[in-house]
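Have a look at the structure below before the remarks.
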Amino acid sequence: MPFARGWLVVLLASARMVVAASGRASGLRAGPVWACAAAPLPDAPSLAAVRALLEERGRCPLAEVGDELRREGLLPEGRLSAFVASCPELALTGRPSKRMVSLSSETTDAALVRTVAGVLAETGPARTAALKLRLRERGRPIPGLLRLLRRHSATFSVERGVVSLCDAGVRVARLADAAPPLMRLQKLALSDRMGGGALPPPSAVREVILVDLDNKAFMLEACAAYAARDGFDACGTLVLGFCATTHNPRLSAAAAGELTALSDAGWLRLLTPVRDTANAADFVLAFWVGWLHGQLPPGARFVLLSTDIHLDATVIDLLCSQGRDAVSNPDWLRPSL
């Protein structure tokens, strides 16, 4: 019997070799039957949403892609990184702690150019220091920014430290005069008074815009313009900016004047923690949201501007669970490009 079992093993091994050889001859690969099944196609609506986002903004952090898909109700099941990896037209790069998503057909250089051009289209000519600050505020710092600008002189013009988009390849003259010096936000000493009649009456407040300045500081000017669009007498939008005490973004002189006037009228407040600790500004934001929720009429809407998906998932979801109209990062409040 041991001899028969030995021959049986030899016969089985020979049969396996014949199958493998015939598979190689026919171009097939030996393996389990289920390995030959076609891989599932990526979810088409989700892929289309990611493609549109990347075409608009260039390379994006994986967390930002997930935030956009969740906001549109298109977040695929399972790990988002696995979904991106399953799409041939998407590329996933970077460290595990800071994954970036881009279109496979677009080079890294082209994505960076798109990002810088988008910022300049929004802000106009900017000094290099201010441009770097804007990029960092968007979570897209670019090492070697000046080298990138020089490599793409057909797209960007750099004159006396001021960067501008070229107009049909023609450099803009006297760019330094077109970009006046910027002012620091903390220098404006905007009011932080919330109680004691410092704010407009609750019945006059139709919506509250909460700006996470630690990552959305560039939106503060747009929010102030939106709030004052019909004049202070007809204003119904309360704008609250939250940041650490050390956060001090730059503003144009015109924007500084608008923010000061809106603050003096009671429709803008800059709120910071007493002491800077981990996530202190987020806790301050949550505190005042709860306070306002108890003060304002049920019809008042809350709008959050932040890239912090955890803040969104707690504050906005909780307000909605209490019957409030609450949204985050709405398209209608994005600066027009």
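Coordinate-derived values only; no laboratory data. The structure displayed is predicted, hence computed values, not measured ones. Cβ coordinates were reconstructed from backbone atoms using ideal geometry, including for glycine residues, and neighbour counts include every protein chain displayed.
General remarks:
- Charged neighbours of MET100, selected by a Cβ distance under 11 Å, balance to +4 (K, R count +1; D, E count -1).
- Of PRO96, LEU47, ALA85, farthest towards positive along the dipole that unit charges on Lys, Arg, Asp, Glu beta carbons give region 45-103: PRO96
- Ranking of TRP291, TRP267 by neighbouring Cβ atoms within 10 Å, starting from the fewest: TRP291, TRP267.
- ASP308, ASP276 arranged by Cβ crowding within 10 Å, fewest neighbours leading: ASP276, ASP308
- Over region 45-103, Cα pairs under 8 Å with separation of 6+ residues give a relative contact order of 40 percent.
- Quotient of Cα Rg and 2.2 N^0.38 Å for region 202-301, N being how many residues it contains: 1.06
- Prolate/oblate/rounded call for region 45-103, Cα gyration tensor, a/c under 1.5 rounded: rounded
- Mean separation of Cα contacts under 8 Å (6+ apart) over length of region 184-333, as relative contact order %: 30 percent
- Compactness of region 59-156 - radius of gyration and Dmax, Cα, Å: 14.9, 43
- Share, in percent, of DSSP beta bridges within region 184-333 that are antiparallel, nearest 5: 5 percent
- Length-normalised contact order of region 184-252 in % [C-alpha pairs under 8 Å, at least 6 apart]: 44 percent
- Going from the residue with the fewest nearby Cβ atoms within 10 Å to the one with the most, ASP212, ASP331 rank ASP331, ASP212.
- In a simple Cβ point-charge model (Lys, Arg +1; Asp, Glu -1; nothing else charged), region 184-333 has a dipole of about 320 debye relative to its Cα centre.
- Each Lys or Arg adds one and each Asp or Glu takes one away; over the other residues whose Cβ falls under 10 Å from the Cβ of ASP212, this sums to -3.
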